[in-house]
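Here is the structure we will look at.
The values are calculated or read from the model by the stated rules, or taken from the named source; none is laboratory data. All figures in this text were calculated on a predicted structure; none of them were measured in a lab. Here the Cβ is made from the backbone with ideal geometry for all residues, glycine too, and neighbour counts use every protein chain on show.
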Amino acid sequence: MALLAGSDRVPYVGVDALSAATRPGQAVVGSVVSDYTLLEQPQPRTVQLDDEGVDGLVRWSDDLSYGVGNVAPPGTTYLLLVPTVRPEATTSPQVLRSVIGLCAKLFADPVIGIGIRGPAPDSYVQLVAELADVVELKLVALREQPLRALPLPEGLLSTTYQLPQALVQADAVILVPALWRDQAGAVHGALETLGAAATDQVLDDSLRVDLLGAVEPLYVFAEALRPRIGAEVMPLNAILAGDDVCAVDAVGAQLLGATPAQVPGLLLAGEHMLGKVEWEEIKLNGAPVSGVPQGAQPFGGPAGPQRSQQ
């Protein structure tokens, strides 16, 4: 039986054990918050977590989904992490540190790049310096990368994509989006973070969906420690993980008090079968997310009264 990646504090979880409670074709999303009862030291969501606390969220969310170690191909040596870096929201360096540490344990001597489009935040520069003796880690300026053509099997607007070389050469791309919700109510997450890796300055929904069809394998650790919702910051201390970008964004939207229909491009991605967007197609493992029902629920429909349980 294949096993998910474990740690000193998180027990190994069997894929077969997960699939026993998952219908064929369902996407699995791991959901963990700091007060999750199975954590070694649960903490209130209002508490500012230290590195060890964030590390527990990342590892548990990975174990409760299918695990990045089961998605990346055998012999993986180069991983590209793509965080959110924009004025409205920037992925916490604590979460990046935890994802990097997880990858360093799962893969043999990996090279890990942190791909960004613009100037690197000082906290990321410091992170690379701090981990220099632990793992081969580098910042990758995606706009300065040579472009390589990547064919699309069924492109919506084009048959090839010019993508930064680092993105094409990566054995696996790990999105580490910072979830946030703007004043208009739109929820920004993994789909938008993937779009930030492209050369286009502005991506419409169709281009985001094209890109989702072009880049694989993908894994997502969605950060919602202190997400911005409109003009306010909400203490959530939550991490969502999974190998289905659409499913993670759908659950992430509900986590921020919205509906999946408020994620730009998500409905179009679902229509082109690039991920799961209907509640009946998504299995939530771990901490409940309000409004994600256990049974079937139409995409974008009203939230059900039930909550998913582990």
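So is Asp122 at positive phi and not hydrophobic (A, V, I, L, M, F, W, C) or not? Break it down stepwise before answering.
Values: at positive phi: no; not hydrophobic (A, V, I, L, M, F, W, C): yes.
For Asp122, the condition - at positive phi and not hydrophobic (A, V, I, L, M, F, W, C) - is not met.
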remark   = A careful count of residues in region 82-125 that are not in a helix (DSSP H, G or I) and not β-branched (Val, Ile, Thr) gives 17
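Have a look at Ala238, Ala231 and point out the one that is surrounded by 18 or more Cβ atoms within 10 Å (Cβ to Cβ) and either over 12 Å from the mean Cα position of the chain (by Cα) or modelled with pLDDT of 95 or more (or both).
Numbers: Ala231 fails: surrounded by 18 or more Cβ atoms within 10 Å (Cβ to Cβ).
Of Ala238, Ala231, the one residue that is surrounded by 18 or more Cβ atoms within 10 Å (Cβ to Cβ) and either over 12 Å from the mean Cα position of the chain (by Cα) or modelled with pLDDT of 95 or more (or both) is Ala238.
Filtering region 47-81 down to residues that are outside any helix (DSSP H, G or I) and either basic (Lys, Arg) or without any contact (Cβ under 8 Å) to a residue 60 or more places away in the chain (or both), which residue is nearest to Val99 (Cα to Cα)? Don't jump to the end; show me each part of the working.
We begin by selecting, within region 47-81, every residue outside any helix (DSSP H, G or I); these are 47-50, 65-67, 72-81.
Narrowing further to those that are either basic (Lys, Arg) or without any contact (Cβ under 8 Å) to a residue 60 or more places away in the chain (or both): 48, 50, 74.
Details: Gln48: 18, Asp50: 15, Pro74: 19 Å.
Filtering first and then ranking leaves Asp50.
Given the structure, is Arg181 surrounded by fewer than 24 Cβ atoms within 10 Å (Cβ to Cβ), touching a strand residue (DSSP E or B) at 6+ places or on another chain (Cβ under 6 Å), on the phi < 0 side of the Ramachandran plot and at pLDDT 95 or above? Quick ask: steps written out before the conclusion?
Values: surrounded by fewer than 24 Cβ atoms within 10 Å (Cβ to Cβ): no; touching a strand residue (DSSP E or B) at 6+ places or on another chain (Cβ under 6 Å): yes; on the phi < 0 side of the Ramachandran plot: yes; at pLDDT 95 or above: yes.
Criteria not met by Arg181.
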ask   = Given the conditions (1) touching a Leu at 6+ places or on another chain (Cβ under 6 Å); (2) surrounded by fewer than 19 Cβ atoms within 10 Å (Cβ to Cβ), which single one is not true for Val82?
value = (2)
task = Among what's in region 126-150 and is part of a strand (DSSP E or B) and among the charged types (D, E, K, R), pick the residue that is surrounded by the fewest Cβ atoms within 10 Å (Cβ to Cβ).
result = Lys138
